[in-house]
Each structure stands twice: as structure tokens, then as C-alpha cells.
1. Quick one: SER62 ticks every box in (1) surrounded by 10 or more Cβ atoms within 10 Å (Cβ to Cβ); (2) outside any helix (DSSP H, G or I); (3) within 17 Å of the chain's Cα centre (by Cα) except a single one, so which number is it?
2. Looking only at the range 38-59, count every residue that is assigned to a helix (DSSP H, G or I) and of a type in the set (Ser, Thr, Tyr) and tell me the total.
3. Are any residues in the range 34-53 at pLDDT 90 or above and either touching a Gly at 6+ places or on another chain (Cβ under 6 Å) or surrounded by 10 or more Cβ atoms within 10 Å (Cβ to Cβ) (or both), and if so, which ones?
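The values are calculated or read from the model by the stated rules, or taken from the named source; none is laboratory data. Not measured: the values here are computed from a predicted model. Here Cβ is always computed from backbone atoms with ideal geometry, including for glycine, and neighbour counts include all displayed protein chains.
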Amino acid sequence: MLKTRDRSAVWLDAVVIGASIACLVHCLLLPLLFAALSALTRIVAVPESFHLAALFFAILASAWAMRAGY
């Protein structure tokens, strides 16, 4: 029978392993997602206003991150 301390260590190990697997999947799939999004522009028409809105959001987010020290 496992002691309480051993059970919490096993649970924590499982959580850390799960987080590591999630990180691995994220790091492997994100570049594929970006490649797929650029390929989808041949199928789906994206208006120019979307690009301007994305640029505005990127500038605001970058300014906030730099100001916050990130």
C-alpha cells in the first residue's frame, strides 16, 4: 500500500508528464497549423480589412508586452 506522500508524488508525476506531452504536441502542431492557414487563403477569400485589424492587434499586443517588460 502506498503512503500518502507517495500517492501525491505519483499524482504530481502524472501531472508533469501530461504537461510535457501537451507541450510536445503544441510545439509540433503549431508550425503545421501556421502552414495550413497560409494554404487556406487560396480557398477562402480574406478581405484586406482583416490584415489591417491583425496588424493593429499585433502592434497593440507588442507595445503592451514591451511596456510590461516581457
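1. Of (1) surrounded by 10 or more Cβ atoms within 10 Å (Cβ to Cβ); (2) outside any helix (DSSP H, G or I); (3) within 17 Å of the chain's Cα centre (by Cα), only one is false for SER62: (2).
2. The first filter runs over the range 38-59 and keeps only residues assigned to a helix (DSSP H, G or I), leaving 38-40, 48-59.
Checking the rest, the ones that are also of a type in the set (Ser, Thr, Tyr) come to 38, 49.
Summing the residues that are assigned to a helix (DSSP H, G or I) and of a type in the set (Ser, Thr, Tyr) in the range 38-59 gives 2.
3. In the first step, residues of the range 34-53 are kept if they are at pLDDT 90 or above; the result is 49, 52-53.
If the condition is that a residue be at pLDDT 90 or above and either touching a Gly at 6+ places or on another chain (Cβ under 6 Å) or surrounded by 10 or more Cβ atoms within 10 Å (Cβ to Cβ) (or both), then LEU52, ALA53 are the ones that fit.
For (1) assigned to a helix (DSSP H, G or I); (2) over 17 Å from the mean Cα position of the chain (by Cα); (3) of a type outside the set (Gly, Ala, Ser), each residue gets a yes or a no:
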| site | (1), (2), (3) |
| --- | --- |
| ILE17 | yes, yes, yes |
| LEU30 | yes, no, yes |
| LEU33 | yes, no, yes |
| ALA36 | yes, no, no |
| MET66 | yes, yes, yes |
